[in-house]
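The values are calculated or read from the model by the stated rules, or taken from the named source; none is laboratory data. Treat the numbers as computed from the prediction; the structure is a model and nothing was measured. Ideal geometry is used to build each Cβ from the backbone, glycine not excepted, and the neighbour counts take in all protein chains shown. Accessible surface is based on the protein model in full, side chains and every heavy atom, while ligands, DNA and RNA are left aside. Shrake-Rupley method; radii C 1.70, N 1.55, O 1.52, S 1.80 Å.
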Amino acid sequence: MRIRKTTHNALQILIAAARAGDELVKGAAIAKELNLTEQNTSKIVYLLSRGGFIKAVRGPHGGMTLARKPDEIRIGDVVLAMENMALEDERPDAGGNLTGLFDIALDAFVAVLNQHTLADMARTRKGGALPGLKFTNRPKTSRARSKALIVDQRARSGPIARKT
C-alpha cells in the first residue's frame, strides 16, 4: 500500500502544527521547513481544514492551528481523508468475493494506522518512525527495486554458486 506524497506532507504539516501547541503557525514557515512550495502547502492546509484537522486563520496575522487536540487525531483518519480511499474493482467479481476481501484489508490497514495519534507522531524525533517500527529506504525505480531484491536475497542465502 502506498500513500501519496500529498498525504505524507499533510502528516508533516499536522506534526508541525501539533508541536507549535496553541500558537498559530505560518504556512510560509512550514513550507520552508518542509521544502514545499507555499502554493502546495496552502492546498494541503485547505484539504486538512475541510477534513476538520486544521483551523486556518487568514490575514497578515493569520496562520494555522490544530482543530482538535493531537491525541484526538488518529493517523488512519488523516490518511483516509487525504487519500479518499476506496478499493473498487472495476471488473465483475465472478463469485470470488474479492470486493469483500479488499474491504476487509482496507479496514485492517486503517485500524493499524488508527492505533497511533498525531500526539504519538509529534513526540517522535523529527516526525520520523514511531517507536517499534522500522522503515527502510525503498529504491524509487522498478529496476533499482529488482537489484535491491537480488542483493537482499543473496545476503540472506549466502554466496550463490554459479554453474560453469
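Some points to look at:
- Figure legend. Inter-residue proximity from segment 96-119: first residues under 14 Å from Ile73 (Cα atoms) and touching a residue at least 40 places away in the same chain (Cβ under 8 Å), second residues part of a loop (DSSP other than H, G, I, E, B) and open to solvent by 80 Å² or more (accessible area, probe 1.4 Å), beta-carbon distance below 7 Å, spacing 6+ or different chains. No pairs are indicated.
- For segment 2-22, the candidate set comprises residues that are at pLDDT 90 or above and among the charged types (D, E, K, R); within that set, the residue that is most open to solvent (accessible area, probe 1.4 Å) is Lys5.
- Within segment 23-47, the set of residues being outside any helix (DSSP H, G or I), open to solvent by less than 70 Å² (accessible area, probe 1.4 Å) and touching a strand residue (DSSP E or B) at 6+ places or on another chain (Cβ under 8 Å) comprises Val25 only.
- Residues that are among the hydrophobic types (A, V, I, L, M, F, W, C), under 17 Å from the mean Cα position of the chain (by Cα) and more than 18 Å from Ala122 (Cβ to Cβ) occur at least once in segment 36-49.
- Residue within segment 106-125 that is open to solvent by less than 80 Å² (accessible area, probe 1.4 Å), modelled with pLDDT of 85 or more, under 16 Å from Ile3 (Cα atoms) and in contact with an Asp or Glu (Cβ under 7 Å, 6 or more places away or on another chain) present: yes
- Among residues of segment 54-70, those that are surrounded by 16 or more Cβ atoms within 10 Å (Cβ to Cβ) and either among the aliphatic types (A, V, I, L, M) or on the phi > 0 side of the Ramachandran plot (or both), counted: 6
- Among the residues of segment 1-54, those identified as within 29 Å of Phe109 (Cα to Cα) and of a type in the set (D, E, K, R) are Arg2, Arg4, Lys5, Arg19, Lys43, Arg50.
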